[in-house]
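Right, one structure below, let's go through it.
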Amino acid sequence: MSESPASHVEAAGDRVVAAAPPARAGRRAVDLVKRGAPYLVAGAALGTILWQHPPGEIAREVGKGAALAVVPIPLAMVALTLFTVSAADWLVIRASTGPIPYLDVLRAKAGVTILNIVHYAAGQGGYGVWIARRTGVGVGLASGTTLYIVASELTAVCTLASGAIWLGDVESAGALRVIAPAVAGALLLLALTGPLEPFGKHRLTFLAPWRRVRPASMLAQTALRVAQISTSVVGAWWAARAFGMPVPLGVMFTYMPVVLVVASLPVNVAGFGAVQGAWLLLSPWATSGEQVLAFSLVFQLSVAVALVLRGLPFVRRLVREIERGRWPAADGTPGGR
C-alpha cells in the first residue's frame with residue numbers, strides 16, 4: 001500500500017522535531033561556555049600564579065605585613081573618590097540624557113559600585129539600568145552613556161600613566177611608554193571630534209553622548225577622573241608602604257593604572273584572576289612576589305569592605321528608583337509613568 005502525501009509531511013515533521021533538541025542543546029552548550037569562560041580563564045590565571053607562589057607563603061606574608069595599618073587607607077580613599085567620580089559622571093549624564101541632580105548620581109554611583117566587587121562589568125551594567133530607568137531614556141542612549149563613561153575612565157587612566165612614564169622617566173615602563181599615550185590620545189580625539197558615522201541622517205543612538213557632551217564638559221570630566229584615579233593611586237602607594245613595600249610614588253603611578261585596567265577585564269571573578277599577575281609588576285620593590293600578592297589580597301579585601309560600607313545606605317533607594325523608573329516615549333525621548 002502506497003503512503004499518502006500527508007504521511008510524508010508527518011514524517012518530515014517528525015524529523016524536524018527530532019532534530020530540534022540537539023540544536024537547542026548546542027545553543028545551550030555555547031551559552032554555557034560563554035558564561036563559564038571568564039571563570040575558567042580567571043581560575044587558570046590564578047592557578048598558574050598560585051603554582052609559582054604557594055598560598056602558604058602568601059599567608060605567611062600577610063601575617064608578617066602590617067595588615068591592620070592598611071585597612072583604614074582604602075576606607076578613606078573610597079570615601080573621597082566618590083565625590084569626584086560622581087561629579088564626572090554627572091557632567092556626562094546630564095549632557096546625554098537631560099538635567100539630573102548631582103546628589104542622585106552620587107547616591108546611584110555609591111550603590112551600584114558594590115557590584116564592582118563581583119566584576120567591573122556588573123557595576124557598569126547596573127549603572128546603565130539605573131540611567132535608563134531614572135532618566136527615562138531608551139536602552140540605546142543609556143548604554144551609550146555608560147560606554148562613554150567607561151571610555152572616559154580608560155582615557156584618564158592612560159593619561160595618568162603617560163604622565164608618570166614621561167615626566168618621571170620610569171625605566172621599567174617598557175611598551176607602556178607607547179601604548180598608554182596612544183590609547184589616551186585616540187580616546188581624547190574621539191571625544192573631541194565625535195564618532196565618524198557612515199549612516200547619514202540615521203545616526204546610532206548609543207553614539208549620541210559623543211555628539212552631546214561639549215568639549216569643555218569632556219575636558220572637565222576627564223580632569224575629575226584623573227583626580228579620582230590619582231587619589232586611588234596615592235592611596236595604594238600609602239597602603240603599600242604601610243605594608244612594608246617601599247614602592248616609589250612614580251612607579252605606583254605607572255603600574256597602578258595597569259592593575260585597574262586588568263581588573264576591569266572579564267578575566268577576573270570577585271577581584272581575583274589575571275589581576276594578580278598585574279600586581280606582580282611591583283615585585284622589584286618588594287621582598288618577594290608572595291609579599292606583593294599578600295598586599296594585593298589585603299588591599300583588595302579592604303577596598304571591597306569600603307565599597308559595601310559606602311554603598312549600603314543607598315541601595316534601597318537605588319532599587320526603588322529602578323523599579324519605579326520612567327518609560328521612554330515612543331520617539332525615544334524621556335517620558336514618565
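Before moving on, here are some points about what is shown:
- Residues in region 99-119 that are touching a residue at least 24 places away in the same chain (Cβ under 8 Å), open to solvent by 20 Å² or more (accessible area, probe 1.4 Å) and out of contact with any Phe, Trp or Tyr (no Cβ under 8 Å at 6 or more places or on another chain): Ile114, Asn116, Ile117, Val118, His119.
- Filter result for Gly194 (at pLDDT below 95 and in contact with a Gly (Cβ under 9 Å, 6 or more places away or on another chain)): no
- Checking Ala95 against (1) in contact with a Lys or Arg (Cβ under 7 Å, 6 or more places away or on another chain); (2) open to solvent by 60 Å² or more (accessible area, probe 1.4 Å), the condition it does not meet: (2)
- One residue from Leu260, Leu301, Leu307, Leu224 being without any contact (Cβ under 8 Å) to a residue 24 or more places away in the chain and either under 21 Å from the mean Cα position of the chain (by Cα) or within 23 Å of Val150 (Cα to Cα) (or both): Leu301
- Criterion (closer than 27 Å to Asn268 by Cα, in contact (Cβ under 8 Å) with a residue 60 or more places away in the chain, touching a Pro at 6+ places or on another chain (Cβ under 8 Å) and not basic (Lys, Arg)) met by exactly one of Leu160, Leu75: Leu160
- Where helices (runs of 4 or more DSSP H) fall wholly inside region 57-121, the ranges with 2 or more residues that are under 23 Å from Leu309 (Cα atoms) and at pLDDT 95 or above are 72-97, 102-112.
- Applying the condition of being under 10 Å from the mean Cα position of the chain (by Cα) and open to solvent by 30 Å² or more (accessible area, probe 1.4 Å) to region 120-135 and asking which residue is nearest to Arg225 (Cα to Cα) yields Tyr120.
- Applying the condition of being in a helix (DSSP H, G or I) and open to solvent by less than 10 Å² (accessible area, probe 1.4 Å) to region 136-154 and asking which residue is farthest from Thr205 (Cα to Cα) yields Ser152.
- Single condition Arg310 does not satisfy, out of (1) open to solvent by less than 60 Å² (accessible area, probe 1.4 Å); (2) at pLDDT below 95: (2)
- Residue check, Leu141 farther than 21 Å from Thr97 by Cβ and modelled with pLDDT of 85 or more: no
- Given (1) at pLDDT below 85; (2) touching a helix residue (DSSP H, G or I) at 6+ places or on another chain (Cβ under 7 Å); (3) not acidic (Asp, Glu), index of the condition Gly277 fails: (1)
- Close Cβ contacts (under 7 Å, 6 or more residues apart or on different chains) running from residues in region 231-248 that are of a type in the set (Phe, Trp, Tyr) to residues that are not in a loop (DSSP other than H, G, I, E, B) comprise Trp237/Leu249; Trp237/Met252; Trp238/Ile73; Phe243/Val70; Phe243/Phe295; Phe243/Val298.
- Region 219-270 - residue that is under 21 Å from Val183 (Cβ atoms) and among the aromatic types (Phe, Trp, Tyr) and, of those, modelled with the highest pLDDT: Phe253
- Residues satisfying the stated conditions in region 292-303, i.e. aliphatic (A, V, I, L, M) and within 14 Å of Ile73 (Cβ to Cβ): Val298, Leu301, Val303
The values are calculated or read from the model by the stated rules, or taken from the named source; none is laboratory data. Because the structure is a prediction, the values reported are computed rather than measured. Virtual Cβ from ideal backbone geometry, glycine too; neighbours counted across all protein chains shown. Each accessible area value is taken on the protein alone, full model and side chains, heavy atoms only, with ligands, DNA and RNA left out. Shrake-Rupley method; radii C 1.70, N 1.55, O 1.52, S 1.80 Å.
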